[in-house]
Structures are given as structure tokens and as C-alpha cells.
Amino acid sequence: MFGTWGKSVGFCWLSAVAVTLTGPSVIASEFRFDHDTLAFANQTVFEYHEGHPSLRRGSAVRRDAYKRHCFVLCRTAKQFKKFARFDPRGAPLDDTSLATRIHSVTHRQPWAEPFPEDQRIVFPGYKDLREMSKARWEVVQLNIGHGWPSYFRISNARMVFQQSAGYQEATHARLNAALARGESFIGFLTTYPRFSMNHSVLVYKRKSFSPNPGVETYSVYDPNHPESPRELTWSPHTRSFSYQKDWDFVGGYVRVYQVYGKWLQ
């Protein structure tokens with residue numbers, strides 16, 4: 001989305017996944033970072049130095065850079081986990097057929113109930129989303145959606161009007177409830193009005209052990225960092241979230257808002 005002045009400029013929002021399958025006899029499938037995320041990165045609009053943004057030099061700006069898609073990538077990971085399956089024994093589809101099947105997945109509402117295994121949209125030739133998005137990244141990027149609509153989400157207004165610790169406490173409860181149901185949680189992370197972070201990530205697991213007593217730690221898929229999981233933490237003492245430090249964020253306090261959990265969110 002707005003970007004991440006600490007993640008990728010374009011109002012990108014937070015995310016997280018661990019999906020359930022529908023039907024009383026269907027067992028929830030665990031979200032796996034090395035299988036269920038996309039292999040390519042959402043590129044930042046700004047350059048970063050120790051987490052602080054600055055304008056890129058003209059020579060460093062690429063017209064074809066894949067940026068402002070953090071919300072799109074989180075939503076796509078969630079949709080593929082819910083509605084798709086992969087068949088590595090089949091022959092890969094041509095570009096047109098693959099684009100059609102990608103649309104069939106990404107046009108589904110991300111908050112809808114997951115499909116049973118025998119009703120899922122099949123992608124032959126690849127073992128998982130990670131492998132397919134690495135081999136066919138151009139087709140995937142062109143067909144999962146535009147990043148600019150993230151700027152105009154009605155729910156963006158929450159960062160202005162819902163800033164209280166009580167709201168963050170309620171968000172933390174919704175996060176834990178989603179993970180307990182075997183679902184994922186996509187979050188919008190922001191430091192508004194200081195814009196060192198406006199970004200989306202997908203939270204898919206609560207860690208059973210935390211090195212800091214009293215602090216809850218979560219594993220996160222961050223589209224800016226497809227190489228490995230990141231960490232989001234919750235402190236009941238301060239009633240606040242914190243996000244991991246890296247080259248594009250100074251680390252520390254962020255507010256979290258759930259997105260793609262229901263209509264207009």
C-alpha cells in the first residue's frame with residue numbers, strides 16, 4: 001500500500017497464514033514457510049539505511065521493479081493455501097492456462113471457507129507455491145493483482161481513529177483466536193503518523209517458546225523478505241506489538257490491524 005517507509009511504500013499491510021480446510025472430516029493443513037510463500041520479493045520504493053528511508057538515486061530506479069505489492073502477496077499466499085493444490089507429477093501449464101487458474105484462486109474472497117482437497121484448483125508441474133512462483137514468476141506477478149488499490153482500502157482509516165492500547169489488545173486476541181482455529185492472520189503494520197512502517201505481513205504461527213518471559217512471539221511471512229520468516233512480538237505489559245529489526249525497519253513498536261478477515265476489512 002502506501003509503501004513502507006519501513007517496508008515498501010504503498011500502503012502495505014500485515015499478514016499471517018495457517019489455514020483450515022472445510023468439512024467435519026477434513027484436517028487443517030499447517031502453513032509451511034518453505035512451501036506456502038512466494039519466492040520473489042516485494043521491492044521497496046525507497047532506499048534504506050539502518051531502517052531509515054531515503055529517495056533512490058535516479059540510476060537505481062527500475063521501471064519494472066515489483067513494488068507496492070505487500071498486501072497482494074500476503075493475500076495471494078492465503079488464497080493459495082485455502083483454494084489450491086499442486087500436482088508435481090503433471091505437465092506444467094502454458095502461460096495462458098496458468099494465468100486463468102491463478103485468477104480462479106485470487107478472485108476468491110480470502111476470508112471464505114477453504115475448499116476440500118477434491119474441490120481445489122489444481123496446478124500441475126510443481127510441488128508447491130514456492131516452486132511455481134520461482135519458476136514462473138512473471139506469470140504469477142502479472143496475474144495476482146495490482147498493488148495500487150491498497151491505498152484506497154476503507155479500513156485504512158483505522159490507523160488514524162483506532163490507536164488505543166485497548167484496540168491493540170483486541171487485535172491480539174483476534175490473532176490468537178485465528179491461529180487457534182488453524183487459520184492465518186494478515187496484518188497491516190504501521191507506525192503512523194511517523195511512517196517508518198506501513199506494511200502487510202502474514203502471521204502463521206505462535207511460537208511455543210519465547211526467550212523473553214511474558215512476551216509472545218509469532219512467525220511471520222514478510223513479502224519484503226521471502227528468504228526466511230520474520231518475528232512479530234506482543235508484550236502484555238505494554239499492551240503493544242513490536243516487529244523485528246532489519247535493513248528496512250529500525251525495529252520496535254508497531255500497531256497492527258487485521259486485513260482480509262472479512263468484507264471491507
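Some points to look at:
- The one condition in (1) open to solvent by 60 Å² or more (accessible area, probe 1.4 Å); (2) closer than 24 Å to A65 by Cα; (3) in a helix (DSSP H, G or I) that A99 fails to fulfil: (1)
- Annotation note: of E227, E169, the sole residue that is part of a loop (DSSP other than H, G, I, E, B) and on the phi < 0 side of the Ramachandran plot is E227.
- Residues being free of Cβ contacts under 8 Å to residues at least 40 places away in the same chain and over 18 Å from G251 (Cα atoms) - total across the stretch 177-196: 2
- First in the stretch 127-143 and assigned to a helix (DSSP H, G or I), second anywhere and open to solvent by 60 Å² or more (accessible area, probe 1.4 Å), Cβ under 7 Å, 6 or more apart: R130/D34; V139/D95; N143/H103
- Residues that are part of a helix (DSSP H, G or I), in contact (Cβ under 8 Å) with a residue 60 or more places away in the chain and either surrounded by fewer than 17 Cβ atoms within 10 Å (Cβ to Cβ) or in contact with a Cys (Cβ under 8 Å, 6 or more places away or on another chain) (or both), drawn from the stretch 144-165: W148, S150, Y151, I154, A165
- Among the candidates F33, F71, residue that is closer than 14 Å to D128 by Cβ and either surrounded by 13 or more Cβ atoms within 10 Å (Cβ to Cβ) or at pLDDT below 55 (or both): F33
- Hits in the stretch 147-198 (condition: in contact with a Leu (Cβ under 8 Å, 6 or more places away or on another chain) and at pLDDT 95 or above): S184, F185, I186, G187, F188, L189
- Complete set of residues in the stretch 230-250 that are surrounded by 15 or more Cβ atoms within 10 Å (Cβ to Cβ), in a loop (DSSP other than H, G, I, E, B) and not aliphatic (A, V, I, L, M): Q244, D248
The values are calculated or read from the model by the stated rules, or taken from the named source; none is laboratory data. It should be emphasised that the depicted structure is a prediction, and the values quoted were computed from it without experimental measurement. Methodologically, a virtual Cβ is constructed for each residue, glycine included, from the backbone with ideal geometry; neighbour enumeration extends over all protein chains shown. Ligands, DNA and RNA are excluded from the accessible area calculation, which covers all protein heavy atoms including side chains. Shrake-Rupley method; radii C 1.70, N 1.55, O 1.52, S 1.80 Å.
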